[in-house]
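Notes for the one structure printed next.
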Amino acid sequence: MSLIRWNPTRELTGWTNDLFNMQREINRVFDNFFRGGVLADESFGLSYWTPAVDITELDNEYVVKVELPGVSKDDVKITLESNILTIRGEKKQEKEAKEGNYHRIERSYGSFQRSFTLPTTVKNDKIDAVYKDGILTITLPKAEEAKPKQIEVKVK
Amino acid sequence: MLVRFDYPGTLEGLLDEFFAPAVQTSFQGYPAIDVAEHENEWTVVAELPGVKKEDLKIKFENGVLTISGERKPYELPQDARIWLNEMRVRQFSRSISLGAEVDADRISAELQNGMLKVVVPKAEYARPRTIEVK
């Protein structure tokens, strides 16, 4: 057996990673619990970092916003498969930034993925995505049968 | 219920403080920043998705660079149903001490794709130079 030099930094990094994953798993469980499992986030274990997401439901559409500062839009992939919306991609470090002596690196780089199950069906061919000011906005119009209908009931 | 876990702002941050005491920042997680030293300048990159130029304030005073501002919430119709709300930060402020040996008049800043890049040139006298031996 050979001697391996102990690297405190590496060990601590691994430990914080575990902690990070655990925190996410706890969040996921709580989320599913409070939401009744309608919008489950299935991303656990697949990402190096987790972008913050807002999801809003309007009468005719869902609006999904993802914080992706510094991510090139060519590095983002959005897919919808049987009501599961998946946003995945990679944040690359800028080429020029690789030089220089770093005193602090807090930004997260690498791949990310988040998936959400939408409560109702959407028009697959009408999904729209816009990237502006570091925020990706995905608009998913609801399918006709999923829209709220107003039915007039006559009282006799 | 989802609380954003700021991984780099916590333990990694502590390690940074310990291993690189040259640059002091306020111990706060938002926005996430990268600070790099180059031969002739410092570059500070902050992640500020959804922040408008006019809502951002950058100040340099006594060797300390401060990035502060506000992210205004986007508009939603009243009957919107919120399923998930993780983009919570509204007000933010972060200070980075870069020392006094900089050319404060030539500091420049650019906001693009939710990323703020501040370039702080070093003062002429603080730049490295090679001395020729006669």
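Derivation of every value follows stated rules applied to the coordinates shown; laboratory data play no part. Everything numeric here is computed off the predicted structure, so don't read it as measured data. Here the Cβ positions follow ideal geometry from the backbone for every residue, glycine too, while neighbour counts run over all protein chains shown.
What does the structure give for B:40-48 when I average, per residue, the other chain Cβ atoms found within 10 Å of the residue Cβ?
4
Give a quick list of GluC sites (Glu not before Pro) in region B:27-134 that DSSP marks as loop, anything other than H, G, I, E or B, with at most 16 other Cβ atoms within 10 Å.
Filter output for region B:27-134: B:Glu39, B:Glu75, B:Glu101, B:Glu132.
Relative contact order for region B:30-134 using alpha-carbon pairs under 8 Å, separation at least 6, rounded to a whole percent?
Contact order relative to length: 32 percent.
If each Cα of region B:28-125 is one equal point scatterer, what is log10 of I(q)/I(0) from the Debye formula at q = 0.22 Å⁻¹?
Log10 I(q)/I(0), no solvent term: -1.14.
By a straight-distance test (C-alpha under 23 Å), which lysines pair with A:Lys126 as possible cross-link partners, with residues fewer than eight away in the same chain excluded?
Once the sequence-local lysines are set aside, what remains near A:Lys126 is A:Lys65, A:Lys73, A:Lys77, A:Lys142, A:Lys147, A:Lys149.
Using a Förster distance of 30 Å, how high is the FRET efficiency between B:Arg81 and A:Trp49, based on the Cβ-Cβ distance and rounded to 0.05? Kindly include the intermediate steps, with their values, before the conclusion.
Values: r = 28 Å, r/R0 = 0.92.
For B:Arg81 and A:Trp49, the calculated efficiency is 0.60.
Provide the FRET efficiency to the nearest 0.05 for the A:Asp125-B:Thr66 pair, computing r from the beta carbons and using R0 = 51 Å.
Efficiency for this residue pair is about 0.60.
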